[in-house]
1. Restricting the search to region 321-359, which residues are within 21 Å of C40 (Cα to Cα), in contact with an Asp or Glu (Cβ under 7 Å, 6 or more places away or on another chain) and among the small types (G, A, S)?
2. Which condition from (1) surrounded by fewer than 24 Cβ atoms within 10 Å (Cβ to Cβ); (2) aromatic (F, W, Y); (3) closer than 24 Å to L531 by Cβ is the one that F426 breaks?
3. Please go through region 688-725 and pick out each residue that is surrounded by 17 or more Cβ atoms within 10 Å (Cβ to Cβ) and of a type in the set (A, V, I, L, M).
4. Among the residues of region 653-670, are any charged (D, E, K, R), modelled with pLDDT of 95 or more and in a loop (DSSP other than H, G, I, E, B)?
5. Identify, please: which residue in region 326-354 is in contact with a Lys or Arg (Cβ under 9 Å, 6 or more places away or on another chain) and in contact (Cβ under 8 Å) with a residue 60 or more places away in the chain and is, among those, farthest from C201 (Cα to Cα)?
6. Kindly evaluate C611 against the criterion of being in contact with a helix residue (DSSP H, G or I) (Cβ under 6 Å, 6 or more places away or on another chain) and either acidic (D, E) or over 18 Å from L582 (Cβ atoms) (or both).
7. So C611 ticks every box in (1) modelled with pLDDT of 95 or more; (2) out of contact with any His (no Cβ under 9 Å at 6 or more places or on another chain); (3) on the phi < 0 side of the Ramachandran plot but one. Which box is left unticked?
8. Hey, among the residues in region 58-75 that are in a loop (DSSP other than H, G, I, E, B) and in contact (Cβ under 8 Å) with a residue 12 or more places away in the chain, which one's surrounded by the most Cβ atoms within 10 Å (Cβ to Cβ)?
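The values are calculated or read from the model by the stated rules, or taken from the named source; none is laboratory data. Model, not experiment: these values are computed from the prediction. Positions of Cβ are generated from backbone atoms using ideal geometry, with glycine treated the same way; all protein chains shown enter the neighbour counts.
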Amino acid sequence: MSFSLIVVLALTWGIGQADTSSPPPIAITAVTPNATSVPCFARFELNLDLAATFDNPFDPAEVDVYAIFTSPDGKTLRVNGYYTQACKGNISPESETITPVGEPFWQIRFAPNKEGTWKYRVIAKDRTGEASLPDAEFAATPSTSPGYIRRNAQSPHLFAYDNGQPYLPIGENMCWGKLSDYDNWLPALGKAEGNWIRIWCFRWNCGFEWSPLDRQSWDYGTFQGLGRYNLASAWRLDRILDTAEQNGVNAMLCLGTYGEFTTGGFFNEGMWNTNPYNAANGGPCEKPEDFWTNERARALYKQRLRYLTARYGWRTNVFAWEFWNEANAPEPWVREMAQYVKGTGAAEPVDSFGHLVSTTYGTPEVWNIPEIDFTQSHLYGEANLLDVSPVILNDARQHRAFGKPHIPAEFGIDWRSSDDKQDTAFKGVNLHNALWASVLSGNGGSAMIWYWDSYVHPGQLYPQFTALRRFTENVPWHNGPWRPVEMDKPEIQLENETWRDMSISPTVGWGKSKVPEFVFEPNKDTGGDPLPSFLYGTYKPELRVPLVLKLKHDRPWRFDVHVNSVCTMARLQISVDGNVVLDHTLSAAPPEKDGEAPEYESTELRTDFPCYQAKFNKKYGVDVPAGEHTITVDITDGDWLNVTSYIFGSFLSDRHPKMNYCGLTNGQIALLWFQNADSNWQTAKAGTTVTPIKDARTILRGLPDGEYTCEWFDTWKGEASVTNRAMSSGGVLPLTLPDLTSDAALTIRP
């Protein structure tokens, strides 16, 4: 094909005069389709021969290429075109090179959603005017594709395809890697019946827009600065998405990460110094926070969204556009971009195919934006949490209030290092518990483990995904709405009642607490509002909210705060019924006197936030007498304190075994999961023999009266184990659990 590029420049050379000649008018000389018929939801592609006048082919204000498609029933849809370059990849485990083939050209991609004859007209505009060709047509034939992924109309916390078929995402992060890596990872995940991944499109993987001054030996193609895109990288993303589609895997495309606005960092992930939006590199932003409000920065980000949605929007295996990874984008910015993608109001949607939209992180204000389709969280410990499942259960309760699907889109034992450092034998217990807890607590899909390349693949942990798929594949998710079950706390019979500690890991991250007080009773489920992991002092008055706990117990007990870390200093004060019982200052600074032992385990002087941050790993607490009491935890002076856990000593009766549990029901069927809490990554690492929980009983409430089949499921083997019958009378269905060494799932059907 031919391609004409005319760039108009006004130059003064010596005493000569600028060229004032008019450019030739825009012209479309040919449009070549890839086929005369395609199945519904398959790619229909147009290659254009276009003569146009522009300086930047990616700027629609300079050259705007699009097509108007008319469906068999007369509905019209605008689909934007994009500038592209054919490429050839030389791919091996040792090296990867991407070579351009031929000249760049314009392309339009579309996927029909209805059988029959479609018409289309291609239009192009530049500074000289407008050009178009007469209408043409193609045929859309029947297809087995279920279409695009949407929010489930019958169950608002779940997903479904266009045809109503349920979509339960089960998968992992696959955020970066070589093409040869994806050629290994994706078939392995698809074979295990995992069906979704998360891909980062940023500086070192499938990035589009970055500073040309930041050259690396492993770069693919060339970065060209603001508003101009790396076409080799764009080809590379197409290649990954093709491989994913061939293996039945959908992808959430994450379009940027917080490191673009920071410097330094634990992983040296800060990239602000080379960010093309940085004024030091010719960009419009003097400081990172200007990105959210600067008019030119917002316009350039929209331009990139337009390119991405034009090029990849036709794909049914694009699960969602995720604006950011862990960047605290303010609500007005998120709202503006989400509305731009979806075409809220009179404007045409820039994504003609209506993909889902989300971001991380999000405040309640962000999650309540109508155009944000699902909420997300990232859940990590510092190798200090026994297990991720109770964290996931609390996280699910917290996010259910938004009335949207929720995804724990990252999790791991330790945010600082791969799970293989704690699970050298690749037993996968933390992964296993996270998968089952996330789906059976009512999330929109499985939690996504972060360490795909160093843990899941080398450990061949893919059967964990298969087992969950076996259990859920015949669930009628389309017969909703599905909601959490009402179930009594499981208990066992004891001759003499004994008591144990209740330890709660906080799941609310950085930010001001939204909950004024928390209520706990010893023999009731502790589910409810999750506790904060940060307590703030007078240095951060805008975030400071004292923690108030209301508790009732007929015997004395002890309350402890397990302090993980402190910034600068924190004066910890614990009061019982308004009386200060503990008043202790924790300092992160080195001792003033030589030879004096510090209270902390270790400390470091942070350069990104000029202050000392110390690791304490110690408990501080008070004794509490029997009766009803109010406990207040406050930081009366200092910066902030990070909490590993809140410990309620001798608070729980041993007739309620250490167990995590959850379940869902649609009013006719119930899905339950029970986990022996001692079956966790720490006992697996230590090789500890887990004592089984025997003869535990519970009551499921709310199912219609009648007889039910109870099919127990072995979550490790991925197969049914025991089937028995149970009777619901007066909405009460008693259950006896099997011996529980690890965990078990249960389906209850009429």
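1. Scanning region 321-359 gives no hits.
2. (3)
3. Listed by number, the residues that qualify are I693, A696, L700, L703.
4. Within region 653-670, not a single residue is charged (D, E, K, R), modelled with pLDDT of 95 or more and in a loop (DSSP other than H, G, I, E, B).
5. E348
6. For C611, the condition - in contact with a helix residue (DSSP H, G or I) (Cβ under 6 Å, 6 or more places away or on another chain) and either acidic (D, E) or over 18 Å from L582 (Cβ atoms) (or both) - is not met.
7. (1)
8. This residue is V63.
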